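For reference, the structure discussed in these notes is given below.
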Amino acid sequence: SGCCSTPAYAPRNAPTRSPRIQAVRHWSELDNLIQSSQQPLAVVFQLPTCPHCRALKKKLPVLAGEYPGIRFVTVDGARLPYPPYQHGVKGYPTTVLFSGGQEVDRFGGNRFMFLLRKRFDNVVSKRW
């Protein structure tokens with residue numbers, strides 16, 4: 001599907017939650033997920049007060065449904081006790097994609113759906 005045949009936004013009737021999206025509660029939990037995940041891992045660092053974060057968060061259930069080969073994780077930067085500098089997060093939202101415990105892609109901000117799909121397609125199609 002090309003950029004013209006797919007919506008550039010999450011549909012209004014898209015689910016707002018997905019059992020495939022895990023909220024991380026502690027940095028050690030995130031580090032364990034990065035190192036132990038058998039499939040690519042998409043980590044979305046966000047803040048509840050950030051409008052771009054809220055817009056991206058609405059798209060995650062759609063993406064999780066379209067990419068069953070990627071595990072989705074969210075990190076609430078306001079709730080965790082330590083800053084996310086160890087993962088190079090300098091702003092919100094930041095999405096970091098890992099495969100085999102290694103970072104393979106990173107981007108900041110909210111993106112149109114076709115651009116998000118392009119990033120996730122790259123991760124799914126490559127073996128790192």
Gyration tensor verdict on segment 31-128 (Cα atoms; rounded if a/c is under 1.5, prolate if a/b is larger than b/c, oblate otherwise): oblate
How much length is gained if the chain between TRP27 and THR49 is pulled fully straight, taking 0.36 nm per residue apart and subtracting their Cα-Cα distance, in nm to one decimal? 5.9 nm
Can you give the accessible area per residue of segment 27-128, in Å², using a 1.4 Å probe? 53
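Using a 1.4 Å probe on the protein chains only, how many percent of the accessible area of segment 31-72 belongs to carbon and sulfur?
Working: 1060 of 1970 Å².
That fraction is 54 percent.
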Counting other Cβ atoms within 10 Å of each Cβ, which trypsin sites (Lys or Arg not before Pro) in segment 26-128 have at most 16 and sit in a DSSP loop? ARG79, LYS90, LYS126, ARG127
If I take R0 = 25 Å and measure r between the Cβ atoms of ASP121 and GLN86 in this structure, what FRET efficiency does the formula 1/(1 + (r/R0)^6) give, to the nearest 0.05? 0.35
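The values are calculated or read from the model by the stated rules, or taken from the named source; none is laboratory data. Because the structure is predicted, anything quoted here is derived from the model rather than measured. Don't worry about glycine lacking a Cβ; one is built from the backbone with ideal geometry, like all the others, and counts go over all protein chains shown. Quick note on the areas: whole protein, heavy atoms, side chains included, nothing else; ligands and nucleic acids left out. Shrake-Rupley method; radii C 1.70, N 1.55, O 1.52, S 1.80 Å.
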